[in-house]
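Here is the structure we will look at.
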Amino acid sequence: MSERIESVLHEERRFSPPASFRASARIGDAATYQELYRRSLEEPDAFWSEVASELHWFRRWDAVLEWEEPFARWFAGGTTNLSYNALDRHVEAGLGNKVAFFWEGEPGDRRVLTYAEMLREVGTFANVLKARGVTKGDRVAIYLPMIPEAAIAMLACARIGATHSVVFGGFSAQALVDRIVDADAKAVITADGGYRRGKVLPLKPAVDEALQRCPSVETVITVRRTGSDVNMEPGRDHWWHDLAKHASPDCPAEPLDAEHPLYILYTSGSTGKPKGVLHTTGGYMVGTYLSTKHVFDLKPNDVFWCTADVGWVTGHSYIVYGPMLNGATQIMYEGAPTHPAPDRLWSMVDRYKATVFYTAPTAIRAFMKLGDAHPSRHDLTSLRLLGTVGEPINPEAWTWYRRVIGGDRCPVVDTWWQTETGAIMLTTLPGAHDAKPGSAGLPFFGVEPAIVDVDGNDVARDDGGYLVMKRPWPSMLRTVYGDDDRYRNQYWSEIPHVYFAGDGARRDADGYFWIMGRVDDVVNVSGHRLGTMEVESALVSHEAVAEAAVVGRPDEIKGQGIVAFVTLEGDRTGDDGLRSALRDHVAKEIGSIAKPDVIHFAEALPKTRSGKIMRRLLRSVASGEELSGDVSTLEDRSVVEKLTGAG
Ligand code: WTA
C-alpha cells in the first residue's frame, strides 16, 4: 500500500438527463436527491424505517442498526422473508399474472413465467428441499446455468431459511470442492448441463468429480436441461422433475430473523483461498430493493434486463433479489451474447421491448468491436436507460454505448459496488444527475464514502487515494463465512475504523468519484475478480513449476488480462507444449476464466532483498512498458534484464 496512486484520466464531457426522462423519473432533480441523501445520513433511523416499511415484516424491528465495529445488525429483532417479499407480496396485491421472466435458452427455446407461476415453482421446490432433509440454517450449493431454476432454487432456499452458495457454472470441479467444503453444504443443485456457444457445457460430471471430496453432501438435485447422459448415484442423486411431481406448491415462507444468513458468495481477495462473503436477510433486502428502484428508476411497465450470470453478485442483487422485490418484469438469457450471431442480445431487446439494460464494460467493448451494424439492424427504441457495472469503463466505450445502444436518448448509469457491498454504492441517479463518462458518480442513499491516504486522512479533491466507507450500510457483508478475523483484517483494519474497499479512486470538484481500479493483488478479467495468488497457487500445484508470479496487464476487451511468470523445477525446459498444459491446469484448478493469456518462462523472478516478488516490475514487463521507478531494492538486476528479453 505504499505506491502513490495517480489518476491519469481527464474527461470533461457531461451528459444531462433528457427533459422527457426527468419529467417522469422517480427522482427528477438534484435537489430531491440531495435532500434524501442528507436525510439518509442525518436521520438514518427514520430514513431506513420508511424504506423498510414498504416491504412486509412478520415482526417489526426493534432497532434499525446495532453497530459494534465491525459487526452490524440491521433491523435487529425484526423477522421477514425475501421470498415472501419477492413473490407472495406481489401475488397478494393482484399482480400474479404479471410476467416475472421472459427467458430464452441459447438454442432459442423460450419460457414465460408470471409471478404466480414463480410462486408455485418456488413453493414446490422449497417443499422438495424440505423433503430431502434441508432445513433452516443448512447450506445449499447451487451450480446451474442461466435457467429459471437458478432463481427458483435461490428463492426456495430463502423461503425456508437455507443459506445458498451459488457457484458460477464456469468454475471447475476443484473450485466447487473448495466452496462446498468451506460452507459445509448439505445439498447441491445442478443441471445435466447448459448451452454455451452452441455446445453443451457439462455440469453434473463436475459435481460427480467434486463430490468424491465432499463428504458433507447428502443430496444432489439435477435439472434436466440438455438431455445429456449423466451418472445418477442411487440414494444421493435425484432429478428435479421427479421430486417436484410429488411436492405441493404450498410452502408458507418462514419468518426469519433479519440477521439470518441469506447467502454466501465466494470472491477473490489478495491472499489465500476465496473468501465466503456472507449476506443476511433484512438489510440486504432493503438495500437491493431501494437501489434497484432508484438507480434503474423502475416503473411497473419496465422490462428490465441485467445480463449478468447468477454466479456473480450482480445476478444475485440485480436479477433475483432487487428486481423481484420491486415486482419487475425481466429478461433472462442462458447463453453467449454472440450466439448464434453477434446481434443476439439486440434481437432480444427488440423482441421483448426491453426498457432498462444493465451490462459490463467488457461486453460493451466487445460489442463496440463487432461494429454498429449489429445493433443497427434492430429497433432498440424501447430502451430508456442503460447501466454498467464491474470495472472502470473507458469514456470511448461509454459514449459508444450511449450513442449506438441508447440512441443518444438514454441516460447511462455507471454503478460502483462489490460482492461485499451487496448493493450499488456509487452511481448517478438517471433523472437527477449529469453523467460524466468514466465516473461512477455520487454516493447512493446512506453511503458515506471518502478518499483517504494510508493513514486514513482525507486527501484533497482530485487527488488519488483509497476508497473507503465511513459508516455501515444495510446491504453490507456481515463477515467472511466462518472467519470473523479475516473479515476484520481484510476490511476494517487496513485503515482503522473505516471499510476498506480495495480500490483506488479520486473525487472531483463536483464530488463525483472516479474509480482507478484495485490497489491489491486482484485482477479484474472481463469484470470477474481473480486473486493473482489463486492463479499462482494453481500454477505451482503443477509438477513442473517451481515458482510463479501472476500480474494483470491492460486488455482492450477484457479490461485486464493475466500474465504469468513461471520458473521451472530442475532441468525442465519451457515450451509451447508446457504452456498449454499449464493453461489447462489452471482451468482445471479454478476455471477457464483464470487461464493466463501469456506465460513467460523465466530463470528467476525479480525479488527484493527480503524475498518479496516485485510485482510492480513484472506489471511493467507484462504491459511492455519501459521499466521505470525505483529498482534499488531489487536483489539481482540481471533477472530483470533477462525477463525483458524473454518471450
Ligand atoms: C470493480 C461487482 C469501476 C472494483 C459488482 C470493485 C468497478 C470490484 C465498478 C468488485 C465500476 C465494480 N467502476 N470499477 N462501476 N464496479 N468495479 O465483487 O474494482 O465482482 O472493487 O462486484 O469491481 O467486483 P465484484
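Values for this structure:
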read-out	value
Over the range 1-102, equivalent-ellipsoid semi-axes from the Cα gyration tensor in Å	33, 26, 17
Added length on full extension, which subtracts the Cα-Cα distance from 0.36 nm per residue, Asp229 to Lys136	30.2 nm
Compactness of the range 393-532 as Cα Rg over 2.2 N^0.38 Å, two decimals	1.09
Packing rank of 424-432, 339-347, where each peptide gets the mean count of other beta carbons within 10 Å, highest leading	424-432, 339-347
Potential extension, Ala46-Ser248 segment - 0.36 nm per residue separation minus Cα distance	68.7 nm
Formal net charge of residues neighbouring Ser347 (Cβ-Cβ distance under 11 Å; K, R +1; D, E -1)	-1
The range 47-90: C-alpha pair distances exceeding 13 Å, %	57 percent
22 Å Cα-Cα threshold exceeded, pairs from Lys558/Lys595; Lys199/Lys273; Lys98/Lys136; Lys204/Lys588	Lys199/Lys273; Lys98/Lys136
Length gained when the stretch Leu370-Glu69 is fully extended (0.36 nm per residue, less Cα-Cα span)	103.5 nm
Calculated on alpha-carbon atoms, Rg and Dmax of the range 522-643 in Å	13.9, 39
Sum of -39500 (n - 2.57) over DSSP H runs of 4+, divided by residues of the chain (222 nm, nearest 500)	-8000 deg cm²/dmol
Virtual spin-label span in nm between Asp508 and Glu626, 7 Å along Cα→Cβ	2.9 nm
For Gln418, residues with placed amide H under 5 Å, excluding near neighbours	Ala423
Using distinct alpha-carbon pairs, which all enter the 1/r mean, Kirkwood radius of the range 458-514 in Å	12.5 Å
Placed amide H near Gly591: partners under 5 Å, 5+ positions off or other chain	Ser172
Residues Glu396 and Ala546, FRET efficiency given R0 of 45 Å [Cβ-Cβ distance, rounded to 0.05]	0.60
Spatial separation of Cα centroids for the range 554-621 and the range 105-122, in angstrom	43 Å
Cα→Cβ-extended label distance, 7 Å offset, between Val200 and His241, nm	1.4 nm
Spin-label model distance (nm) - Asp484 vs Asp575, 7 Å beyond Cα toward Cβ	5.6 nm
Highest to lowest packing among 31-38, 534-541, 405-412, 485-492, scored as the average C-beta count within 10 Å	534-541, 405-412, 485-492, 31-38
Convex hull (Cα only) mean projected area of the range 82-254, reported in nm² to one decimal	9.4 nm²
Whole-Å semi-axes of the ellipsoid equivalent to the chain (Cα gyration tensor, √5λ, descending)	36, 31, 25
Pairwise centroid distance, computed over Cα atoms, of the range 453-479 with the range 332-347, Å	38 Å
Radius ratio Rg over Rh of the range 83-173, counting only Cα atoms, Kirkwood formula for Rh	1.00
Computed Kirkwood radius, in angstrom, where 1/r is averaged over Cα pairs of the range 295-440	15.2 Å
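FYI, it's all coordinate maths here, none of it is from the lab. A quick note: this is a predicted structure, and the numbers were derived from the prediction, not measured. Virtual Cβ from ideal backbone geometry, glycine too; neighbours counted across all protein chains shown.
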